[in-house]
Amino acid sequence: MAKTSTTTQGLRAAIERSGYYPALVAEAVEAAVGGEAIGSYLVHQETTFDANEVRRHVTVLVLTGTRFIVSHTDEQAADSTSPTPYATTSTESVKIGRISSVVLSRVVANPEKYVPGTLPREVVLTIGWGAVSRIDLEPAACGDPNCEADHGYTGNSTADDLSLRVSEAGDGPDAVRQTLSFAQALSEATAVTTR
């Protein structure tokens, strides 16, 4: 990563602000980005509760001129494979042209009073590039309630490789703004590659 870029410095600062193993996360992201300039980024920390444990997870999304980079870091408690707690970091690099969908869902309070530009209460960003697909099947039926024929199955195939929920209450208004900004930059980048 070019150390002089304002965007690169902003990404590094956002990773450090998350407070979640910043040296480990930054090193993984910097290695994946390499020498490319960063166009946009999003750092999202999530805390989950698993039985009696609190687990943290951070996702870093980076958009360069040619790639969409996803980094996940999870912490694990000591277990039978490791006597000490440990963290796992993975990065995936996706060519912009492979991104098949960018879905941004906005939750707005009092929609009848909505004023353009008002920050949504929460946003859900879902990005698909074909690495993970989910198939939901159910028995098909006809309109006849007495019909006992086998009509096969019907279903949907959904590509949702990544889904992030960011809320104003839980993550703060700046996180919602950053998510909106990143989603717009990614949508614009995918539009350019399909022309």
Inset, instruction - Could you run through region 101-129 and say how many residues are exposed (fewer than 10 other Cβ atoms within 10 Å of the Cβ) and touching a helix residue (DSSP H, G or I) at 6+ places or on another chain (Cβ under 9 Å)? - result: 0
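For every residue, the table says whether it meets (1) in contact with a Cys (Cβ under 8 Å, 6 or more places away or on another chain); (2) free of Cβ contacts under 8 Å to residues at least 24 places away in the same chain; (3) open to solvent by 50 Å² or more (accessible area, probe 1.4 Å).
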{"residue": "G39", "(1), (2), (3)": "no, no, yes"}
{"residue": "S80", "(1), (2), (3)": "no, yes, yes"}
{"residue": "T88", "(1), (2), (3)": "no, yes, yes"}
{"residue": "I99", "(1), (2), (3)": "no, no, no"}
Inset, instruction - Go through E53, E27 for me and flag whichever is modelled with pLDDT of 95 or more, open to solvent by 60 Å² or more (accessible area, probe 1.4 Å) and over 20 Å from E168 (Cα atoms). - result: E27
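Before we move on, is L119 modelled with pLDDT of 95 or more and either within 23 Å of A191 (Cβ to Cβ) or hydroxyl-bearing (S, T, Y) (or both)? Steps first, answer last, please.
Working: modelled with pLDDT of 95 or more: yes; either within 23 Å of A191 (Cβ to Cβ) or hydroxyl-bearing (S, T, Y) (or both): no.
For L119, the condition - modelled with pLDDT of 95 or more and either within 23 Å of A191 (Cβ to Cβ) or hydroxyl-bearing (S, T, Y) (or both) - is not met.
One line per residue, one yes/no per condition, for (1) polar (S, T, N, Q); (2) at pLDDT below 95; (3) part of a helix (DSSP H, G or I):
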| position | (1), (2), (3) |
| --- | --- |
| S157 | yes, yes, no |
| S163 | yes, yes, no |
| G170 | no, yes, yes |
| V176 | no, no, yes |
| T179 | yes, no, yes |
| A183 | no, no, yes |
| L186 | no, no, yes |
| R195 | no, yes, no |
Legend entry - Among (1) of a type in the set (S, T, N, Q); (2) out of contact with any Phe, Trp or Tyr (no Cβ under 9 Å at 6 or more places or on another chain); (3) under 23 Å from S181 (Cβ atoms), the one test that S93 misses: (2)
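The values are calculated or read from the model by the stated rules, or taken from the named source; none is laboratory data. Quick caveat, the model's predicted, so the values are computed rather than measured. All Cβ positions, glycine included, derive from the backbone under ideal geometry; neighbour counts span all protein chains shown. The protein model used for the area step is the full one, side chains on, heavy atoms only, and it has no ligands, DNA or RNA in it. Shrake-Rupley method; radii C 1.70, N 1.55, O 1.52, S 1.80 Å.
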